[in-house]
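See structure below.
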Amino acid sequence: MKKTRKRYLQFTLHRNGAEISEKQFSNAIWSSLLSLYGEICAADSKFYLNSYDAKKGTGILQCNAAALEKVIASAVMINSIGNTRVSFEPMKTSGTIRGLS
Amino acid sequence: MPIDLNVRIPGSERLGEFEDMAGRLGITGIAPSINLDEPVVVSRKGLVLYARAVLDGKRIHSLKKELGNLRRRAVIVAFPLAGVETSNWAAEDRRVDLLTLGEDNIGSTLKESTAHMAEHSGTALEIQFTAILQSAGLNRSRVLKGFRESTRIALDAGMKIVLSSGASHPINMRSPMAMTYIGFMLGMNRVDSREAVFNTPQRIVERNERKLSSEFVGPGVEIVKRGGNREKD
């Protein structure tokens, strides 16, 4: 089986209200990805939230290289999580976590 | 220098919130909906504000009159896509900078003939993505359909595209990098998308600032040096 290439993305989640937990944020990206691109794309994306600082709103996510654009577009499209309005900002992408530092 | 050419600030007292958000996102200029004293104003926080006017007449006669009044006062003149006749008029007129698609005219799409006219006159298609952010499910699908179709028609005709937020709340603004991914979602490639976010808005603003300066006489004619009235001996 051919190994899929991963991509890592460093991001900032700007918010206007209460803190967003890791679980809430991860679920919001999954729902947005599912709604915009469908179940197969969501399954193939291999999206995973590597690290997330709820206080600062910064973190790193990983996904399949082929699905990177769709994962980012889905995250950018998130308008609110719970009662908190948010704005997702992709900062830097890399093939390795070390490349982000 | 990324510029958001459409920010719908509800009142001048809330300008500070939008300035802060633009600063956090790395946006250097915005074209707000509020009235400005001058066509170009630099705010205390260093953000450049460009006066934007939206043509809201329903008939060509009233639109022409409105355009004549607004052109010297605004850096950006936009016309929301509507009927074929008025859209074609706006597309042909070089004084109109943007044909707009957004929350207020979701059902409208860009016609091929309009796109070709706009390409000749240098008018760009403006897509306000707040309409996508604020809809969900089938409604969002309809919005995306209209936007993607218009994007394809504009690109096929060689018309320029501008991505703007149309945000009425600071949190609805997106960073320039995030906007390029919205461009991908609308069917643009990497080059077109970056062009729509970084270069085209900048070029429109620069062109119009030049036109609004006192040195500008007409297209291709500018005063480069003023001579005195000294007589030869």
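Annotations for the structure displayed:
- Mean separation of Cα contacts under 8 Å, 6 or more apart, over the residue count of the stretch A:35-101: relative contact order %: 21 percent
- Among the lysines of the stretch B:53-213, pairs that are 8 or more positions apart or on different chains and have alpha carbons within less than 20 Å of each other number 7.
- 0 to 90° range, to nearest 10: angle between helix B:176-185 axis and chain B longest Cα axis: 50 degrees
- Spread over its residues, the convex hull of the C-alpha atoms of the stretch B:53-213 is 107 Å³ per residue.
- Across every direction, the projection of the convex hull enclosing the Cα atoms of chain A has a mean area of 6.2 nm².
- Cβ-placed point charges (K, R +1; D, E -1), dipole of the stretch B:53-213 about Cα centre in debye, nearest 20: 260 debye
- When the Cα atoms of the stretch B:14-110 are aligned to their principal axes, the ranges along those axes come out at 42, 29, 21 Å in descending order.
- Buried accessible surface for the B/A pair, both sides summed and rounded to the nearest 100, is 1800 Å² with a 1.4 Å probe.
- Accessible surface of the stretch B:53-213 [probe 1.4 Å, protein heavy atoms]: carbon and sulfur percent: 49 percent
- At least 20 Å² accessible surface lost relative to isolated chain, residues of the stretch A:44-71 (1.4 Å probe): A:E69
- Using alpha-carbon coordinates, inclination of helix B:137-157 to the longest axis of chain B, degrees: 40 degrees
- Using only alpha carbons, the protein assembly as shown has a radius of gyration to Kirkwood radius ratio (Rg to Rh) of 1.02.
- Restriction of the trypsin sites (Lys or Arg not before Pro) in the stretch B:49-126 to DSSP coil positions whose beta-carbon has at most 12 other beta-carbons within 10 angstrom yields B:K58, B:R59, B:R72, B:R94.
- A 1.4 Å probe run over the stretch B:6-140, with the rest of the protein chains in place, finds 47 Å² accessible per residue.
- For the stretch A:14-36, residues shielded by at least 30 square angstrom of accessible area compared with the chain on its own, probe 1.4 Å: A:H14, A:N16, A:L36
- Counting only protein heavy atoms and a 1.4 Å probe, chain A has 53 square angstrom of accessible area per residue.
- Fraction of accessible area attributable to carbon and sulfur, chain A (%, probe 1.4 Å): 49 percent
The values are calculated or read from the model by the stated rules, or taken from the named source; none is laboratory data. From a predicted model like this one, the values you see are computed outputs, not experimental measurements. Cβ sites come from the backbone with ideal geometry, for glycine too, and all protein chains shown count toward neighbours. These area figures cover heavy atoms from the full protein model, side chains too; ligands, DNA and RNA do not enter into them. Shrake-Rupley method; radii C 1.70, N 1.55, O 1.52, S 1.80 Å.
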